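Here is the structure we will look at.
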Amino acid sequence: MSHQIALNFEDGVTRFIECQDGEKVLDAAFRHRINLPMDCSDGVCGTCKCRAESGRYDLGEDYIDDALSEDEAAVGLVLTCQMVPASDCVIAVPVPSTACKTGTGRFAATVAAIAPHRDAALTLELDADGDAPAFLPGQYVNIDVPGSGLSRSYSFSSAPGERRLSFLIKRVPGGLMSAWLDRAQPGQRLELTGPLGSFYLREVARPLLFLAGGTGLAPFLSMLETLARHGSERPVRLVYGVTRDDDLVLLDRLDDYAARLPDFGYVTVVADEASAHPRKGWVTAHLPAEALHGGDVDVYLCGPPPMVDAVRRHFADAGVAPASFHYEKFTPNAPAQALPTERAA
Ligand SMILES: Cc1cc2nc3c(=O)[nH]c(=O)nc-3n(C[C@H](O)[C@H](O)[C@H](O)COP(=O)(O)OP(=O)(O)OC[C@H]3O[C@@H](n4cnc5c(N)ncnc54)[C@H](O)[C@@H]3O)c2cc1C
Ligand code: FES
């Protein structure tokens, strides 16, 4: 039996490798032409030290304390030249992918469907060529905007393991990708680069608090689907904030997770002063105190940069120090020239 190992490099590039039963991670990576940092390959030098973020594994007893101390092993540090996985694992590699002579993967996909959510956003569904692309729930890909030589980043809203990929995309008036998507048709081809990013669901060891701004909901849909499929029983709370009433989308999918997950709840918040929504303002004003579990909580935050910065400031000012804090900013690209109206597919 083999295990899937995600190697997440310092530059956000993720490569997935298969590790055979009893095989060491360093050897499996080498088989996949990825030269992880190493020197002795004998558990002596410590050069191959990485952090295992999830999964079960055996480190054996053939390494010395100078290479990896007991304290380091206790907090999840590993020597890849000794590590034999016993399940799928995620390993953070503390060097850029280029240093390991690897880089981002590229794949092609076909537009399967585009479903607009009023003028606010749309769901883009793509069928990937070949096998289902591997990624971690929360990660993103860069999608080339056909005919422009430019790309835009989008977080998967579907869970790993499917050939049918989905994305939740804000409709930005005059935006390069937004304009292309307004005219796109099923059957058109797209090129993607990834998976990328260090914003992904870690091992679920405590309650989770998800904070989403606008289409920053996308990675949480991927995470929630993953949690539901794995039968997770941990408490999960989501605060989903938007600017206008019309920006609230895919609430039916959140209701579905509320039914499928034993302890999931969500609240919506609308910033627009004119809205009749029961919760108005910013997400920070509507954080359920009990969802913080006195700090024993993993917080994930995703949305436009001002929202992410405001929430981070709020946590700092309130002296709340969650057990872990992960965030992704949907930073816009510099303005690009619009595409001509007539374009090839
Ligand atoms: C890691 C990462 C993941 C991302 N994931 C997603 C995702 O899952 N869903 C999603 O919708 N977006 C996501 N984004 C943002 C996305 O990559 C694009 O920036 C966005 O879709 C706009 O692209 P565009 O080509 O339509 O507009 P552009 O041509 O890039 O922009 C046109 C003009 O609109 C401005 N603009 C761009 N975005 C916004 C905005 N949100 N609000 C107001 N003005 C804006 C630009 O500054 C520019 O002046 C992500 C960004 C990053 C960095
Ligand atoms: S390569 Fe030297 S300890 Fe692993």
>> Considering only residues that are open to solvent by 30 Å² or more (accessible area, probe 1.4 Å) and either without any contact (Cβ under 8 Å) to a residue 24 or more places away in the chain or of a type in the set (S, T, N, Q) (or both), which ones fall in the stretch 109-129?
In response: Thr110, Ala115, Asp129
> What is the residue count in the stretch 87-108 for residues that are loosely packed, with under 15 Cβ neighbours inside 10 Å, more than 16 Å from ligand 2 (Cβ to nearest atom) and hydrophobic (A, V, I, L, M, F, W, C)?
Replying inline: 1
> Does the stretch 150-157 include one or more residues that are in contact with a strand residue (DSSP E or B) (Cβ under 8 Å, 6 or more places away or on another chain) and farther than 20 Å from Val249 by Cβ?
Replying inline: yes
>> Just the residues that are under 24 Å from Gln4 (Cβ atoms), more than 10 Å from ligand 2 (Cβ to nearest atom) and in a loop (DSSP other than H, G, I, E, B), please, taken from the stretch 23-69.
In response: Glu23, His32, Arg33, Ile34, Asn35, Gly55, Arg56, Leu59, Gly60
> Can you name every residue in the stretch 239-270 that is surrounded by 21 or more Cβ atoms within 10 Å (Cβ to Cβ) and in contact with an Asp or Glu (Cβ under 6 Å, 6 or more places away or on another chain)?
Replying inline: Val270
>> Taking the condition of being part of a strand (DSSP E or B) and either open to solvent by 40 Å² or more (accessible area, probe 1.4 Å) or more than 13 Å from ligand 1 (Cβ to nearest atom) (or both), how many residues in the stretch 130-150 meet it?
In response: 3
> Just one of the numbered conditions (1) open to solvent by 20 Å² or more (accessible area, probe 1.4 Å); (2) farther than 16 Å from Leu181 by Cβ; (3) in contact with a Phe, Trp or Tyr (Cβ under 8 Å, 6 or more places away or on another chain); (4) more than 16 Å from ligand 2 (Cβ to nearest atom) is not true of Tyr154; which one?
Replying inline: (2)
>> Please count how many residues of the stretch 194-214 are modelled with pLDDT of 95 or more, closer than 23 Å to Tyr154 by Cβ and open to solvent by 20 Å² or more (accessible area, probe 1.4 Å).
In response: 2
>> Being over 30 Å from Ala184 (Cα atoms), in contact (Cβ under 8 Å) with a residue 24 or more places away in the chain and of a type in the set (A, V, I, L, M, F, W, C) is true for just one of Val44, Val90. Which residue is that?
In response: Val90
> Quick check: is even one residue across the stretch 215-225 closer than 18 Å to Ala109 by Cβ and either modelled with pLDDT under 95 or in a loop (DSSP other than H, G, I, E, B) (or both)?
Replying inline: no
> Among the candidates Ser158, Ser222, Ser166, which residue alone is assigned by TED's automatic domain parsing to the domain that holds Thr284 and touching a residue at least 40 places away in the same chain (Cβ under 8 Å)?
Replying inline: Ser222
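The values are calculated or read from the model by the stated rules, or taken from the named source; none is laboratory data. From a predicted model like this one, the values you see are computed outputs, not experimental measurements. As a convention, Cβ positions derive from the backbone with ideal geometry for all residues, glycine included, and neighbour counts pool all protein chains shown. When the accessible area is computed, the model is the full protein with side chains, heavy atoms only, and any ligands, DNA or RNA have been set aside. Shrake-Rupley method; radii C 1.70, N 1.55, O 1.52, S 1.80 Å.
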